[in-house]
Every structure is written in C-alpha cells, then in structure tokens.
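What follows is one structure encoded as structure tokens, with my remarks underneath.
Just so it is clear, none of the values below were taken in a lab; they were calculated from the coordinates. Here the structure is a predicted model, which is why all the values come from computation and not from measurement. Positions of Cβ are backbone-derived with ideal geometry, glycine not excepted, and every protein chain shown enters the neighbour counts.
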Amino acid sequence: MHAFPSRLGAALRGRCPSCGGASVFSGFLDLHPACPACGADFRDADSGDGPAFFVMFLVAILVTPPVILVQVWLEPPAWVQMLIWAPVVLGLSVAFLRPFKSTLFALQWRYRAEEARWDDRGQGS
Ligand SMILES: [Zn+2]
C-alpha cells in the first residue's frame, strides 16, 4: 500500500486506489468495473452525485467574489458578465469533476463506504 500523499496523488490523478497503476476511468466520468492493472473490484464504490456537489460549491466559492468585484468596479451590463463567467464556470466545473470523482471514489473504495440499509428485522438498529 502507498503512503498517504502518494495515495491522495493517485486519487487526484484518477489512478487505481489499490495499485496506482492504471486509470479508474473508462470514459470521461465512467469507471472501470475493476482495475485493469491489479484487478481490484470497483463495483461496490459509487460516488453518485457527491463529486458534482463538491465541484458546484467550490466553483461558486471561487467565482462569486470576482463576479461581485467586476460588477462593483466596472458595472458592466449583465450580458457581459454572462459572457465572461459562463465559460469560466463551465471550464472550472469540467476541470474539477474528474479529480473530485476519482478522489471520492478512492475514499469510498478504501473505507468501503456504502449506502445505509434497513435491518431486515425492521425498526433499524
Ligand atoms: Zn489497481
């Protein structure tokens, strides 16, 4: 197993959380069912909407202050603001999605996180 920084680095680069030898992605955001290098099973880990949630908040935090500053200092029309910031928001979101997805996936895979389930005997426990 890798030490923490290299494991985090592998996750940020979209590499296998077990061996770091192959990409976890089979498409832009689709994951392989198993690691092509070491065969680690990826079927149980599913990050769902988690990456999009974190990317949405990070991009909002990064983009909102400059939008406000440009509006206060330059007072451009709304269409100019849209023209400037829509590509920035889109570009940052696309750029952050893969690293966030692979990192959340690696954390789920590592700690075997899964959805909560009701106990079959009812009433939860
Ligand atoms: Zn692997």
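Overview of results
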{"quantity": "Extended-chain gain in nm, criterion 0.36 nm per residue less alpha-carbon gap, LEU8 and ALA52", "calculated": "13.9 nm"}
{"quantity": "Longest site-free stretch - the chain; sites: chymotrypsin sites (Phe, Trp or Tyr not before Pro), DSSP loop, at most 12 other Cβ within 10 Å", "calculated": "29-117"}
{"quantity": "Rg(Cα) / (2.2 N^0.38 Å) computed for segment 55-125, rounded to two decimals", "calculated": "1.81"}
{"quantity": "Solvent-free Debye scattering, log10 I(q)/I(0), computed from the Cα coordinates of the chain at q = 0.13, 0.20 Å⁻¹", "calculated": "-0.66, -1.03"}
{"quantity": "Positive dipole terminus of segment 18-125, leading residue within ALA106, SER26, CYS38 (C-beta point charges)", "calculated": "CYS38"}
{"quantity": "The chain, relative contact order in percent, only Cα pairs under 8 angstrom and at least six apart counted", "calculated": "31"}
{"quantity": "Candidates per trypsin sites (Lys or Arg not before Pro) in segment 23-125, loop by DSSP, up to 16 other Cβ within 10 Å", "calculated": "ARG43, ARG112, ARG117, ARG121"}
{"quantity": "Student exercise, segment 4-111 dipole from Lys, Arg, Asp, Glu Cβ charges, in Debye to nearest 20", "calculated": "360"}
